Structure formats: C-alpha cells, structure tokens
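**Q** I have a structure I would like to understand better, so I am pasting it below and will then ask my questions one at a time.
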Amino acid sequence: MPLFNLPGVFLPHKKGTAKIAPVAIPTPQSVLIPLSMHIGAPATPVVKTGDLVTVGQVIAEAGGFVSAKIHSSVSGKVKNTDTTILSNGRKVSAILIESDGLDTLCETLAPREVNNLEELVQAVKDSGIVGLGGAGFPTAVKLNVKSVEDIVINGAECEPYITSDTRTMIDRGDDIRYGIEILNKCLKPQRIIFGIEKNKPECIENITNLTSDIENVSVAPLKAMYPQGGEKVLVYHTTGKTIMEGKLPIDAGVIVINCTTLAEIASFIRTGMPLVKKCITIDGGAVAEPKNVIAPIGTRITDLIAFAGGTKSAPKKVILGGPMMGWSVESMEMPVMKNTNAVLFFNEQEATVPEPTACIKCGNCVNACPFGLDPKAFVQALRAGDDEALVKLKANICMECGCCSFACPAKRQLVHTNKIAKAKVMKILKERQEAKK
Amino acid sequence: MNNLLTVSPSPHIRSPRTTSSIMATVLLALFPAALLSVVLFGFKAFLILLVSNLACGLLEYGWCRLTKIKNTVPDLSCFVTGTLLALTLPANFGEWKNLWTIVVGAFIAIIIVKEFFGGIGYNFANPAITARIAMLVCFPDLMTATVHTNLTNPELASGATPLGDIAAGKAELLPDWVQMFFGNHAGAIGEVSAFALLVGGIILIASKVITWHIPVSFIATVGLFTLMTGTYPEYQIIAGGLMIGAFFMATDYVTSPDTALGKVVFGIGCGLITALIRVYGGYPEGVSFAILLMNILNPYIIKLTRKKAFGGIKI
Ligand code: SF4
Ligand code: SF4
C-alpha cells in the first residue's frame, strides 16, 4: 500500500438499505432493453417484432470487438426492436418485450466447464457481463490478457446510498469464493486484493473468512472516502501502482473487477444463467420504503418505484446510479440497465440545484481532486480560449468523479466544465498523435 | 409528472459549505478581536467598526445597483473587508471629525480594488490591505499616531507603539509581555490583542476555512529571523499587524496560493519581507507591504507550485 492516500471528499454515507436483504420484484408487464448498456459498439438485434423469447435467450449479439451480448430478461413477445430512448443525453435503440408472465427459461441454458483462460473469456462473452460498478466496460475484453500480476476486486462502493455491492458481499459469498477460484485457475495472478471501505465491517469480515484459506487473496480495508472505488484510486490504494495517463490498469499489470461482476461471472458458470437481473438500491427522500430489489434488466423506473411502496412526495429528480456520478433522467419511463446499481428518487429539497456564484478562488476544488487537477484553472483557460494551457493542466486525466463540484462553496458546475475541457484536450492529443505518425 | 423532473449535471449532492457560510465563519473569528477593541478603546472603536462596515456594505450594494448585477452583499464578503479595515486603524479614526476618512478607505477597498477588477474572486490584492496602505499615504498623521488603550496609565506609557520602541532602539520602554499579549498596549484597535486574534485563527483552522500553512510559516519566519538578528522575537510575533495579517489577510483565498506547498512558500515570503522591513527598514511595521508584495507574486507562486497530476506524463 502507498505511503500517502490520494485526496477525496468525505460524504454522508446514507447506506440505510445495507441491512435489508434484496427482494425480487414481480415480473413487469413489459421490459425495454437498450442495445447499448456498455462502453463500445451497440449490440445488433437478432430477434424481430413478433418473435417469442424466453428468459436468458440471446436477443442481440455483440456489435464489435468491444461490445456485449444482450439476453431477454422475461419470457414473452418482442413488440418492437427499435424504440428510441434518451440515455444520458444519447439516443439509443431498445428492444421492447411484452412479458407473458410465465418467466419460462431458455432451454439451452446449462452450466459451463471452465478450466482455462480461453474458456473463461468465452463464458464471459456468452454471459453478456459488463463492468457492473458503473462504467459498463465489456468484461470479456478486460479478462482477455496474456498475463496479470494483481487482480483487484472492487468492493469499495464509495457512492452514498448504494448498497447493492454490499449485499453481494454479504449474500453471495459462494459466488464470490467460486469466482476467485476461477480467476486463480485461469489467470494465475500473484495477488488478488479485495478492496472494501471500512464503513462495511460486515463485508470485510465475511470476505476475510471466506478467503482465509486461499493464499494469494487479501482484503484491504480502505478509508471510507469518496472516490475510493474509482479505478485508478483503488489500484493505487490497494497495490501502490500508478496507472499512467491514457493507460489501462493492465498496462500496470492489474485487472480491476467489481465484486458483483465477479459474482455474476461465477453464477453464469455454475448455472448458465446470463446477466438478466440486477440487484438495485432504491433510495432517496421521495421513496416511501427504501430497499434493495432484484429487477429484470429493462424494468422501467415507474415499475420499480411502485414496488418500493411508491413515493412519499413527488420525486423532483430521478438519478440512475449514485448521487456523485449518476445521471438524472428526463423520464420515469427510462429502463434500468446492466450497470445500474441504484435508482434514487430525490424530493423537492434534495433536487434543488444551488445557484452558482462567482468563484472565490478558495482552492477547495484543487485540494479535493484525487488527481491533483485544478478545475478552476480549466474554467479560466476555457474562457481565455487557451487550449495549450488546458493540455498542460492535464484536463484529460479528469475522471468526472465530482469531488471538485461537491467541495465548491460557490456551487459551480465544475464537472460540466471539466468534461468540455477534457474533450478538447483528448481531441488535441489525438491530432498530435496522428500528426506524429 | 414526468416533465417535472430536474435534469442537471452530476454530482447531485453538494457540500453544505457556501461562500456566505465561509464569510460568516470569518466574521465570527474576527468577533473576539472586535469585541476586545471596544473594551480597550471604547466607543471610538465601535464607531470605526460601524462606519467601516456600513460604508463597505452600502458601497457594494450601490455598485451592484449601478452596474445592474446581482446584489452580492448577502455573500458577506464586504463585511469581512469592512471589519478587517476597521481593525487595522488606530482609535483616533473614531473621532467625529475623522470618520469620513474611513469612508475613503472603504471606497478604495470595495470599489477600486474589488469591484473595478471584477468583484469577489478577481481582486489582485487584498482589498483591506491595499486600502490600509492607501490610507497611510493619504492620512499619514492619523495612521501613525500612537493611541493607547483606555486601560493604560498615561504616565507610565511610552510615546510609541511597541514596534516603534524597538525600531527606535528603546527596548527598555516595551510593555509587560503578558499585558501586551492580551492587548493592553498602543496600536490599531484590532491588532493589539494577539490573544483575541489567535482565538480567531484557531476558529478558522478548526472550521477548515483556512489551513495552518500560511499563518504558521508566516509567523515562524518572522520569529526565526528576529531571533537570529536578536530583535526581540517574543515581542515581534505578537506586535503590530502580524497576527491579523497572518491569520486573516495573507490567507485571503483570491490572493494566496491553493496548494500546501504554495502556501508555505507564500507564508515564508511574507515573513521574510515583514522581518526585513521591521529590522532593517526605516518603518516599524511591515506586514501590509509584505502581504501586498506577495499578493503580486502570487500568480508566479501558483505556477511554480502546481500539483503534479496523478499519473500525468511530462510534456
Ligand atoms: S472550489 Fe469553487 S470557488 Fe473554490 S476555487 Fe474551486 S471553483 Fe472557485
Ligand atoms: S471531477 Fe475531475 S477535476 Fe473534479 S475532482 Fe474528479 S477528477 Fe478531479
């Protein structure tokens, strides 16, 4: 572990749902499954309107090398294969399936034999699993490496409210244990480090007991500080390795897997059931009964909230994901996706966006940034149109974690300006690289 | 109900700290010094504080109305400037015939140094300090007058401030250290009590409005330098504008660096210039000049002490 921790911010935890075991919601009347629930090319539909489908049946194939398969989460009839929805500002197509209420399982589902890396990668490809911690990077691509020194399992769950990973670590010990064994067998890492924030002692204890007889596995209790679960932050705090600008963890010999992703991989190998359901935390001031639910992928937000006792007050903001990095949706018709780990319903007071005032140059943003960036200087450079300054300020490194905006007393939308600055620098760097060739 | 959902950039939660809550904390931290100034110098001190704050508030409000921008008085920063300016003036400013000069100071601080440069966050130097220096030029007699506290026995008191005594080589006239620490000696109304300012400084650090870096490096540098030159370090660090300067003025966000390293460099710079002026210069007090000079150097310090981006490659 490193000598010094990276900076960050202390957030209210609000993990009131941690103690409640998740409950499965009744199958909704219809599900809306987006074709792009991952980083990379959208999947290509292989069913057409009117087709009958079963739970676990492939409905869309990976649309490229970096992409992922998609399976039906209900049994029933395909109503439409190109419903357009607005997903975080992008238009994506989605498949609308009307459930027959029977949840008939796909006949071809069967446990997998996995003895080597090739079989593991194939299995993960077939399972449609993507990074469930949030980013949604196709896991099969991540695992397909020649060699790896360290595997870091992400159980940090540093965002407030969310407890779905906590529940995985408490309820799915068998899957996690099996997953770790598979990783050891297929990837032969020197170390497997399980990073968990100290505000989850139950998880730390459970995982420690579970893995005490596996020699290369250790549990790293981490300070409960956001963004402990950010990939570069987690790798640095668990292994001491720095992932350089523009590089992937594997360039430092590391693979990072979210704990729920790992459990899903194990469950697919053991049962053959692909990723069609997700444990999702439902919380926020407008929710009558905050809880964790297990919902079919494609369930609409309206169907979810009905199951959490409805609303106490009219939700004024609905967030897919955590309050720091999640995105606020335009409509409650939005479906939950593979990488959705929480849906938050904010009441009027929580939803009020504070009015930004003038920057007082307090430096809180600078000192909150885990990567030592200077978001207020991005703003100055953007205003001055000074692209060279932006490149020097390394706006491209920003992970959009939101610590700077959180800490800003003037309530400035720094993440928003960071994104603009980041896109500019990325473009310039790309042009320079091409010019070099 | 769908079209009523708020859509906004992440993050969706914010820290409870706001610009006005920061300024309110600074005002709270200045309260002990302000209170003691009234105890020590009486009604005159109260008048100075009142006029300075009123003038700063009204000028800022007037400016906002005139330029048709949002009223920025509620962020309370004009009252921080007003209180700081008041505390750095000797009690003779509180005489009726002199009150108008405070308004001149407030005008320089709020209108010229702050608003002309774009308002809060854009001033190149600390408004209160710049106004103080300007007043030293405009009203030298008033500013350099030696005004004793109401508690001082006039027969025993020397004719100068403690720093004046040291500069004049009359160290035997220095008051008792403990009396002086609590504020019973000649000087500006809010600068005399190192004790009250220290309490305020601790409030600022404990509430994380400022960090220890600037005040500690500033005061330590003055202490060390005067120790090495044998110029009464124990008096130097509690006398004149050092405490108020180190805790409340050098730490002004806009005009000081934001990284820990930058702050230490800034503090040492302030300390060195202060000590050089006090020990070798012709003027007993050096804090304002030191801070103003370092304010001007601040952009360069920021550039040189920028944090290295995590995992960033050199270009
Ligand atoms: S935190 Fe906000 S007010 Fe402070 S320097 Fe950064 S942008 Fe400016
Ligand atoms: S959003 Fe970017 S600039 Fe802001 S704290 Fe996170 S990494 Fe730093």
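**Q** Look at residue A:424 and say whether it is open to solvent by 20 Å² or more (accessible area, probe 1.4 Å) and within 15 Å of ligand 2 (Cβ to nearest atom).
**A** Yes, satisfied.
**Q** With the checklist (1) more than 16 Å from ligand 1 (Cβ to nearest atom); (2) buried (at least 23 other Cβ atoms within 10 Å of the Cβ) in hand, flag the one item residue A:307 doesn't pass.
**A** Exception for residue A:307: condition (2).
**Q** Let me ask something else. Name the pairs: first residue in segment A:406-432 and in a helix (DSSP H, G or I), second residue open to solvent by less than 10 Å² (accessible area, probe 1.4 Å) and away from ligand 2 (no atom under 14 Å from the Cβ), Cβ to Cβ under 8 Å, at least 6 apart or on different chains?
**A** A:425/A:391; A:428/A:391; A:429/A:391
One line per residue, one yes/no per condition, for (1) at pLDDT 95 or above; (2) more than 9 Å from chain A (Cβ to nearest Cβ):
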residue: B:1; (1), (2): no, no
residue: B:10; (1), (2): no, no
residue: B:18; (1), (2): yes, no
residue: B:27; (1), (2): yes, yes
residue: B:33; (1), (2): yes, yes
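**Q** A further question on this structure: Output the number of residues of segment A:397-421 satisfying the condition of being among the polar types (S, T, N, Q), facing chain B (nearest Cβ under 9 Å) and open to solvent by less than 30 Å² (accessible area, probe 1.4 Å).
**A** Qualifying residue count for the region: 1.
**Q** In segment A:113-140, how many are in a loop (DSSP other than H, G, I, E, B) and crowded, with 19+ Cβ neighbours inside 10 Å?
**A** Qualifying residue count for the region: 9.
Residue by residue, here is whether (1) more than 17 Å from the chain's Cα centre (by Cα); (2) within 23 Å of residue B:189 (Cα to Cα) holds:
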residue: B:65; (1), (2): yes, no
residue: B:68; (1), (2): yes, no
residue: B:71; (1), (2): yes, no
residue: B:111; (1), (2): yes, no
residue: B:116; (1), (2): yes, no
residue: B:130; (1), (2): no, yes
residue: B:134; (1), (2): no, yes
residue: B:152; (1), (2): yes, yes
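**Q** Which condition number in (1) open to solvent by less than 10 Å² (accessible area, probe 1.4 Å); (2) under 20 Å from the mean Cα position of the chain (by Cα); (3) within 9 Å of chain A (Cβ to nearest Cβ) is the one that residue B:311 fails?
**A** Answer for residue B:311: the failing condition is (2).
**Q** Conditions: (1) closer than 28 Å to residue A:11 by Cβ; (2) more than 16 Å from ligand 1 (Cβ to nearest atom). Residue A:427 meets all but one. Number of the miss?
**A** (1)
**Q** How many of the residues in segment A:386-421 are among the β-branched types (Val, Ile, Thr) and away from ligand 2 (no atom under 14 Å from the Cβ)?
**A** 1
**Q** Something else about it: Every residue in segment A:363-385 that is surrounded by 24 or more Cβ atoms within 10 Å (Cβ to Cβ), hydrophobic (A, V, I, L, M, F, W, C), more than 7 Å from ligand 2 (Cβ to nearest atom) and at the interface with chain B (Cβ under 9 Å from one of its Cβ atoms), please.
**A** Of everything in segment A:363-385, just one residue is surrounded by 24 or more Cβ atoms within 10 Å (Cβ to Cβ), hydrophobic (A, V, I, L, M, F, W, C), more than 7 Å from ligand 2 (Cβ to nearest atom) and at the interface with chain B (Cβ under 9 Å from one of its Cβ atoms), namely A:366.
**Q** Separate question: Could you figure out which of (1) within 17 Å of residue A:429 (Cβ to Cβ); (2) within 8 Å of chain B (Cβ to nearest Cβ); (3) open to solvent by less than 10 Å² (accessible area, probe 1.4 Å) isn't true of residue A:394?
**A** For residue A:394, the exception is condition (3).
**Q** Is it the case that residue B:65 is within 14 Å of chain A (Cβ to nearest Cβ) and basic (Lys, Arg)?
**A** no
**Q** Looking at segment B:106-151, which of its residues are among the small types (Gly, Ala, Ser), part of a helix (DSSP H, G or I) and surrounded by 19 or more Cβ atoms within 10 Å (Cβ to Cβ)?
**A** B:106, B:109, B:128, B:131
**Q** Here is a follow-up. Looking for whichever is more than 13 Å from residue A:128 (Cα to Cα), touching a Gly at 6+ places or on another chain (Cβ under 8 Å) and basic (Lys, Arg) here; the options are A:19, A:77. Which one fits?
**A** Of the residues listed, the single one that is more than 13 Å from residue A:128 (Cα to Cα), touching a Gly at 6+ places or on another chain (Cβ under 8 Å) and basic (Lys, Arg) is A:77.
**Q** Quick check on segment A:142-183: of everything there that is closer than 19 Å to residue A:249 by Cβ and basic (Lys, Arg), which residue is least open to solvent (accessible area, probe 1.4 Å)?
**A** Of everything passing the filter in segment A:142-183, A:142 is least open to solvent (accessible area, probe 1.4 Å).
Condition check ((1) under 30 Å from residue A:85 (Cα atoms); (2) within 12 Å of chain B (Cβ to nearest Cβ)) across all residues:
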| site | (1), (2) |
| --- | --- |
| A:330 | yes, yes |
| A:337 | yes, no |
| A:359 | no, yes |
| A:387 | no, no |
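**Q** Could you pull out the residue among B:44, B:97, B:68 that is at positive phi and either part of a loop (DSSP other than H, G, I, E, B) or open to solvent by 50 Å² or more (accessible area, probe 1.4 Å) (or both)?
**A** Step by step, each of B:44, B:97, B:68 is checked, and only B:68 is at positive phi and either part of a loop (DSSP other than H, G, I, E, B) or open to solvent by 50 Å² or more (accessible area, probe 1.4 Å) (or both).
**Q** Suppose we filter segment B:47-56 for residues that are buried (at least 23 other Cβ atoms within 10 Å of the Cβ) and in contact with a Phe, Trp or Tyr (Cβ under 8 Å, 6 or more places away or on another chain); how many remain?
**A** Residues in segment B:47-56 being buried (at least 23 other Cβ atoms within 10 Å of the Cβ) and in contact with a Phe, Trp or Tyr (Cβ under 8 Å, 6 or more places away or on another chain): 3 in total.
**Q** Considering only segment A:321-362, how many residues are within 16 Å of ligand 2 (Cβ to nearest atom) and among the hydrophobic types (A, V, I, L, M, F, W, C)?
**A** 5
**Q** How many residues does segment B:3-30 contain that are free of Cβ contacts under 8 Å to residues at least 40 places away in the same chain and either part of a helix (DSSP H, G or I) or within 12 Å of ligand 1 (Cβ to nearest atom) (or both)?
**A** So the answer is 7.
**Q** Considering only segment A:352-380, state which residues are within 18 Å of residue B:308 (Cβ to Cβ) and aliphatic (A, V, I, L, M).
**A** Once the filter is applied, which keeps residues that are within 18 Å of residue B:308 (Cβ to Cβ) and aliphatic (A, V, I, L, M), segment A:352-380 yields A:366, A:368, A:373, A:377.
**Q** Against the condition within 7 Å of chain B (Cβ to nearest Cβ) and open to solvent by 40 Å² or more (accessible area, probe 1.4 Å), how does residue A:354 come out, does it pass?
**A** Spelling it out, residue A:354 is indeed within 7 Å of chain B (Cβ to nearest Cβ) and open to solvent by 40 Å² or more (accessible area, probe 1.4 Å).
The values are calculated or read from the model by the stated rules, or taken from the named source; none is laboratory data. Note that the structure is predicted; figures quoted are calculated from it, not measured. Positions of Cβ are generated from backbone atoms using ideal geometry, with glycine treated the same way; all protein chains shown enter the neighbour counts. Side chains included, ligands, DNA and RNA excluded: accessible areas come from the protein's heavy atoms. Shrake-Rupley method; radii C 1.70, N 1.55, O 1.52, S 1.80 Å.
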